[in-house]
Amino acid sequence: MRLQDYWGIGPKTSERLTEALGTERAVAAIESADVRALVDAGLHRGRATRILRRANGEAGMDVLATGDARSVYDELLALAADAALTAHAADRIRVMTPLLDRNAVGDRLDRVVAARDGWSGLDEADREAVERAFAAYDEADGSDLAAVETAVALREAGLTADPFADIGALDGDRLRDAADALADVRGSIDPAGGLDGDDIEIAAGADAELDRLRDQLAAARDLADSAFDVLESVRDGSLRDFEALEAATIDHVARETGVEPATVRAAAPDEALDAADFVSATLRDLVVELEAAVDEREAAVAADVRERLGDESGADAAEEGDDASGGDTTVARATAAVSEAAFLLSLGRFAAENGHVRPTLVDDGIAVRGARNPFLAGEVQPVSYGVGSHSLADGSGVASADAPPTGDRVSVLTGANSGGKTTLLETLCAVALLASMGLPVPADAAEVGTFDRIVFHRRHASFNAGVLESTLKSVVPPLVAEGRTLMLVDEFEAITEPGRAADLLNGLVTLTVDRGALGVYVTHLADDLSPLPEAARIDGIFAEGLTNDLDLRVDYQPRFETVGKSTPEFIVSRLVANAGDRGVRAGFEHLAGAVGEEAVQRTLSDAEWAANDD
């Protein structure tokens, strides 16, 4: 496949990847979603991520039908990546896309929930040990030794059952042997199992004899590079003949290199043209002999390393009389298992630390009980909501006022400003997207259907025909397309005059029902709507007053089949209370008369009473 056949790769990007990686390696990096390889080749991380998302999940990306849906998707993956235990796991998380195959969604959910439970089941000491092991693995850039040591740490922490069965299948004794052996190796070993090659480099300190020979070789090379200086050192006026010079040379070289004099003598030439020729030939031949000795010792130590690293599948096959070549090594198996464990455990950690649960996958509908917006920090009020068919309202143990009705295809959500309506839309979008990627969701319980498209449209405060046209062009085509669509649309009245916005909203609600889609539409125009289809309902969020700090106190849980009311008296009350200038205060008091002076005074009294009570 040509590089330019992939989404987002033009001639310049293709040339850069080819120059840095070669075409074959670049294609392999794209197919395996290797963000790091593309970044190392010079691509910006964001661009590399977008290319890999399209390359590995083109159809899944089409679920994100609007820019706001894509924004929520990006933010969710950024949150999940922040919980990653390794840089590579974070990269893998960032390129996840919605899955269209329901079995694939269920399989990933099973694995991530099991990883979540595995992480939650670790005591503090084991959790810290696992984090340290992965940190060392990351710092070593995923080296063979770090991978094996991380596998040992995971086994010792008890992470050996599904979804970490590959860790559990590793032999603990072989892993420890492999770790000891790898400590003697410089660099990494081919993860494809290249143990029978000659490219194993033995590290310093692995073998005392090899270290001794290497030191002697280094010293001999230094002397060979300065043979003239050696000659000057051994030449003395008292030397009466050539034999005396030969003896002095051998003693000097032996003393400077640590090589036995007999070995140096054996390297010396039988005949030489003169003293200079004798010294240089002796040093040159000694270097050759020491190089051979080092190579021989390195081969012996490497053979021992290969034996200690072992070949599990090969060993098993050998016991049965089969060909033992070509089996995966302990190192290769540990490397693959640790990489997958890092990915799953990172997702499990994200779910555990945020209280995410496994959603129930249903045919049609989206409903949540005790849902929390994943982007809000601190304590938030959980909400229950839903559209379509679900069972959360039946036998859930939740008060009926908080149990979302079932069967309605569309809800129109009304209520006070700053009442959390947009936040609820964003929460539903996040739940739908997380579930589509096979990830647990931020709720006490959830039922989520399959959606071919998710249309999330935030309120845009621009009042002109161009914005109205672009908005309709972004939300209507996915609604009328084949398949199942989830519509989450915020305040149409912000982009056209209120009367016409009500007409458009009526049309969208009716079209949503007719197309068999699901939808939640936020509006302040409930009183202006025509009678809604039977499969639609109106819900409301209510402000309840001001806190003692004069902040708006809102019950964010929608009241079902109840129109929410705007509460300007609360806002005006706060403005009156906070006004420092007498004239400004008088202006706000005038507005209080317009919205209901009695309600404003009652609100101010309630806030003052609450402050005094504290």
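The set of residues from segment 111-134 being in contact (Cβ under 8 Å) with a residue 40 or more places away in the chain and of a type outside the set (V, I, T) comprises R111, A114, A115, R116, D117, G118, W119, S120, E131, F134. For segment 504-531, a tally of residues being acidic (D, E) and either in contact (Cβ under 8 Å) with a residue 24 or more places away in the chain or in a loop (DSSP other than H, G, I, E, B) (or both) returns 2. At least 3 residues being under 23 Å from L100 (Cβ atoms) and either of a type outside the set (A, V, I, L, M, F, W, C) or under 18 Å from the mean Cα position of the chain (by Cα) (or both) is the threshold, and among the helices (runs of 4 or more DSSP H) wholly inside segment 1-83 those reaching it are 45-61, 67-82. Test A317 against the criterion of being modelled with pLDDT of 95 or more and on the phi < 0 side of the Ramachandran plot, and give yes or no. No, not satisfied. A single member of A300, A281 is in the same structural domain as R212 (by TED's automatic domain parsing), under 30 Å from A248 (Cβ atoms) and modelled with pLDDT of 85 or more, and it is A281. When each of L43, L77 is tested for being more than 15 Å from L434 (Cβ to Cβ) and either without any contact (Cβ under 8 Å) to a residue 60 or more places away in the chain or assigned by TED's automatic domain parsing to the domain that holds S474 (or both), the lone residue that passes is L43.
Only one of the numbered conditions (1) touching a His at 6+ places or on another chain (Cβ under 6 Å); (2) at pLDDT 90 or above is violated by L213, and that is (1).
Contact map, segment 205-233: first residue on the phi > 0 side of the Ramachandran plot, second residue part of a helix (DSSP H, G or I), Cβ cut-off under 9 Å, separation 6 or more or different chains; pairs are G205/D211. Considering segment 254-302, and only residues there that are in a loop (DSSP other than H, G, I, E, B) and of a type in the set (A, V, I, L, M, F, W, C), the residue that is nearest to I202 (Cα to Cα) turns out to be V259. Note on segment 100-120: residues that are at pLDDT 95 or above and part of a loop (DSSP other than H, G, I, E, B) amount to 0.
Restrict the check to segment 244-264 and report whether at least one residue is touching a residue at least 24 places away in the same chain (Cβ under 8 Å), over 26 Å from L210 (Cα atoms) and of a type outside the set (S, T, Y). Yes, segment 244-264 has at least one match.
The values are calculated or read from the model by the stated rules, or taken from the named source; none is laboratory data. Everything numeric here is computed off the predicted structure, so don't read it as measured data. As a convention, Cβ positions derive from the backbone with ideal geometry for all residues, glycine included, and neighbour counts pool all protein chains shown.
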